[in-house]
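Asks: Here it is: the structure, laid out below.
The values are calculated or read from the model by the stated rules, or taken from the named source; none is laboratory data. Since the structure is predicted, the reported quantities are computational estimates derived from the model, not experimental observations. FYI the Cβ positions are ideal-geometry reconstructions off the backbone, even for glycines, and counts take in every protein chain you see.
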Amino acid sequence: MPCPHCDDTGWKPIDVNGVRRVVRCDCWRERMAAKALAEAAIPRQYHRCDLENFRDYNDSLVHAVGRAKAFANAFPVVDRGLMFLGPSGLGKTHLAVAILKRVIARCAARAVFTPVGALLRRIRDTYNPTVRSTEWQVIAPAIDAELLVLDDLGRERPTDWVEETLTLIIDTRYNHRRPTIITTNYSLLDDSSDPNALIGRVGFRTLSRLHEMCEFISVRGVDYRELGPDATPQQIAELDKRGSRAHATPGKKGMAKAQLQRKNAGRELGWTGGKAGS
């Protein structure tokens, strides 16, 4: 059945002070938002994430939700993006996806969700002669999106090529004032030799740019995966009190492994005109 307001033209007539005009119909906005949401590449496991069903059981999470709502409701009139930092299992990706979904629902914005590791792998694949897509075809959607979510920054083993590729994406978005939402499990430690320090994973140059691009929001809490999806507030409070096993400080073995990876990363080839240092 055609839309009763616009007859499926996408434009509906209205009267403004006795003057007949046409404006975009709500049905058109809904269709555009549905199309943008389908093209945002949100993984199925996050389809139900929104800002209303996020569990903000401590002050840091309450603050994070508040900033997420403020950003989503103000978009596109925003000065900077957001970067959520904290251990795994706190809901950082939930918040990032929820922001993206609300922005799309409000503005039908061209938005893209991508895990950083998956994006870098797709870029590397373009160097394979059997792959028909070009490097720019892979990078362009991330650069051109009106809102980009970069999930799990720092997970990829640091190499010159990784740093140069991330710098290209981040700098281009910065120069065009396109906001970005970022999540990371790493922290703002100054010691680049610490395996938990973000600077050791992305490099000083990229981290410096991110400080200009994003408001940094550190979150703390428990790894909800330890309790399952139906955990009660009491169970969460008990786990919060004793601490999550997944958030324990890495042992010497883990630290030594991370340090060895960084040492080897220094020997990797840089980005030399289209050849990936893997």
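Asks: Filter the range 35-56 for residues that are surrounded by fewer than 13 Cβ atoms within 10 Å (Cβ to Cβ) and either under 18 Å from PHE71 (Cα atoms) or hydroxyl-bearing (Ser, Thr, Tyr) (or both) and give the result.
Replies: Result: GLU52, ASN53.
Asks: Tell me which residues, restricted to the range 208-244, are in contact (Cβ under 8 Å) with a residue 12 or more places away in the chain and closer than 30 Å to ASN175 by Cα. If you could, list the steps in order and put the result at the bottom.
Replies: The initial filter retains those residues of the range 208-244 that are in contact (Cβ under 8 Å) with a residue 12 or more places away in the chain, namely 209-210, 212-227, 233, 236-237, 239-240, 243-244.
The answer is ARG209, LEU210, GLU212, MET213, CYS214, GLU215, PHE216, ILE217, SER218, VAL219.
Asks: Select from the range 132-162 the residues that are over 13 Å from the mean Cα position of the chain (by Cα), closer than 17 Å to ARG205 by Cα and not in a helix (DSSP H, G or I) and list them in ascending order.
Replies: Matches in the range 132-162: GLU156, ARG157, PRO158, THR159.
Asks: Regarding the range 201-219, can at least one residue be identified that is in contact with a Phe, Trp or Tyr (Cβ under 8 Å, 6 or more places away or on another chain), of a type in the set (Gly, Ala, Ser) and surrounded by 15 or more Cβ atoms within 10 Å (Cβ to Cβ)?
Replies: no
Asks: Here is a follow-up. State the number of residues belonging to the range 125-142 that are within 17 Å of ASP171 (Cα to Cα) and of a type in the set (Gly, Ala, Ser).
Replies: Total satisfying the criteria: 2.
Asks: Which helices (runs of 4 or more DSSP H) sit wholly inside the range 176-251 and have at least 1 residues that are at pLDDT below 85 and among the polar types (S, T, N, Q)?
Replies: Values: elements: 199-202, 204-213, 233-242.
By residue number, 233-242.
Asks: Please work out if SER133 is in contact (Cβ under 8 Å) with a residue 24 or more places away in the chain and either closer than 27 Å to ALA64 by Cα or in contact with a helix residue (DSSP H, G or I) (Cβ under 9 Å, 6 or more places away or on another chain) (or both).
Replies: On the way: in contact (Cβ under 8 Å) with a residue 24 or more places away in the chain: no; either closer than 27 Å to ALA64 by Cα or in contact with a helix residue (DSSP H, G or I) (Cβ under 9 Å, 6 or more places away or on another chain) (or both): yes.
For SER133, the condition - in contact (Cβ under 8 Å) with a residue 24 or more places away in the chain and either closer than 27 Å to ALA64 by Cα or in contact with a helix residue (DSSP H, G or I) (Cβ under 9 Å, 6 or more places away or on another chain) (or both) - is not met.
Asks: Within the range 15-34, which residues are without any contact (Cβ under 8 Å) to a residue 40 or more places away in the chain and surrounded by 12 or more Cβ atoms within 10 Å (Cβ to Cβ)?
Replies: VAL22, VAL23, ARG24, CYS25, ASP26, CYS27, TRP28, GLU30, ARG31, ALA34
Asks: Just the residues that are farther than 16 Å from ARG80 by Cβ and either small (Gly, Ala, Ser) or in contact with a Cys (Cβ under 9 Å, 6 or more places away or on another chain) (or both), please, taken from the range 170-195.
Replies: SER187, SER192, SER193
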